[in-house]
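The values are calculated or read from the model by the stated rules, or taken from the named source; none is laboratory data. Predicted, not measured: the structure shown is a model, and the values here were computed from it. Quick reminder, even Gly has a Cβ in these numbers, built from the backbone with ideal geometry, and neighbours come from all protein chains shown. The protein model used for the area step is the full one, side chains on, heavy atoms only, and it has no ligands, DNA or RNA in it. Shrake-Rupley method; radii C 1.70, N 1.55, O 1.52, S 1.80 Å.
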Amino acid sequence: MNRTLSTFRKNHTTFSRTKTGVMTAMTLSLAMAAGSAQALTLTLYTAGPGSLAKKLAAGYEKQTGVKVDVFQATTGKVMARLDAEQANPRADVLISASWDTATDLEKRGWLLEYQSPNAEQVPAQFKTPYYVAQGISALGIVWNTKSGTTEPKDWGDLAKPEFKDKVTTPDPSLSGASLDLLIGLQNAHAQQAWKLFEDLKANGMIIAGPNAQALTPVLQGAKAAVFGAVDYVSYASVQDGESVKVIFPSSGTVIAPRPMMILKSSQQQKEAKAFIDYALSPEGQKLVADAWLMPARTDIDAKRPLFKSLKLLPEASQASASRKEVLERFAKLFGQQ
């Protein structure tokens, strides 16, 4: 009897230890799986278009199984959020609407060097070792064809009396592309560019907020034209049947390559590289084209005019005024300081 009881106790102790070991192993496995699932989430900050970011995120997730958290806002708000989170960075991938933001972040040492194999068909001017264009937009005049005004051909036409109090422009402090246009005009025309801005101000042009807010009153017919509209938003409106026309001024305009980059602080660098690869794949670039942007790759068809068909203003040079100087002078002219 005592031997039987002793054997039972020994077996019970062995079983308990085994059961505890199994449970501990299962707990550790579940914890590791949960941690792995949590790790495989990519955070994307983008200056838009928001619908394109969501489609790229969905396509990437379908291909890789990695979820993407998307934060979409204006260039100014995205950069402000990055600065605010400097002590505890969250973004893995950033897509900006202004090439200069990428240049600035590279100078700060914030970017991870990566050259995607899918960037082979991207022209050299739209890629560096640290960032590459997702797509390209251009700046132009968007004119309401039912406004009762004469179709404008150049920037200066919007300062004519018939456009008195009928013109909007995006806020260059919120739109990196809008600021690029101001700098491009100054590079081309020096003080004459500021004479144009003064004439536009005297003619009642208003700064209407981000790009979409500048376009809305023109779509509604309350205003006749946008000075410096980002073209892809307006092309989508034309497709939707709106009475607007995208016009590229005869004296020249600027293009705005939209750089993609990986933050050096990213904890998901492998997944971030795979996202860049997907955005530059034929599938990803087709999504870019469907959003009315120029694809970064030259072997993907576009739905709109390409930059080679546009007259372009001079690019920034060592003699160019700084972005800060131009922004402050423009804000002062329009009473924003």
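When the criteria are applied in full, Ala289 fails the requirement of being touching a Gly at 6+ places or on another chain (Cβ under 9 Å), modelled with pLDDT under 95 and on the phi < 0 side of the Ramachandran plot.
With respect to the conditions (1) touching a residue at least 24 places away in the same chain (Cβ under 8 Å); (2) open to solvent by less than 20 Å² (accessible area, probe 1.4 Å), Ala193 falls short on a single one, namely (1). Taking every residue in the stretch 57-72 that is within 21 Å of Ala97 (Cα to Cα) and pairing it with any residue that is at pLDDT below 95 and surrounded by 17 or more Cβ atoms within 10 Å (Cβ to Cβ), at least 6 positions away or on another chain, the pairs with Cβ-Cβ distances below 7 Å are Gln72/Gly48.
Scanning the stretch 174-186 for residues that are farther than 19 Å from Val233 by Cα and either modelled with pLDDT under 90 or open to solvent by less than 20 Å² (accessible area, probe 1.4 Å) (or both) yields Leu182, Ile183, Gly184, Leu185.
Listed here are the residues, each with its yes/no results for (1) among the hydroxyl-bearing types (Ser, Thr, Tyr); (2) at pLDDT 95 or above; (3) under 23 Å from Asp104 (Cβ atoms).
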| site | (1), (2), (3) |
| --- | --- |
| Gln269 | no, yes, yes |
| Asp277 | no, yes, no |
| Pro295 | no, yes, no |
| Ser320 | yes, no, yes |
| Glu325 | no, no, yes |
| Gln337 | no, no, yes |
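Of the residues that make up the stretch 157-173, is at least one under 25 Å from the mean Cα position of the chain (by Cα), over 27 Å from Tyr60 (Cα atoms) and open to solvent by 30 Å² or more (accessible area, probe 1.4 Å)? Within the stretch 157-173, one or more residues are under 25 Å from the mean Cα position of the chain (by Cα), over 27 Å from Tyr60 (Cα atoms) and open to solvent by 30 Å² or more (accessible area, probe 1.4 Å).
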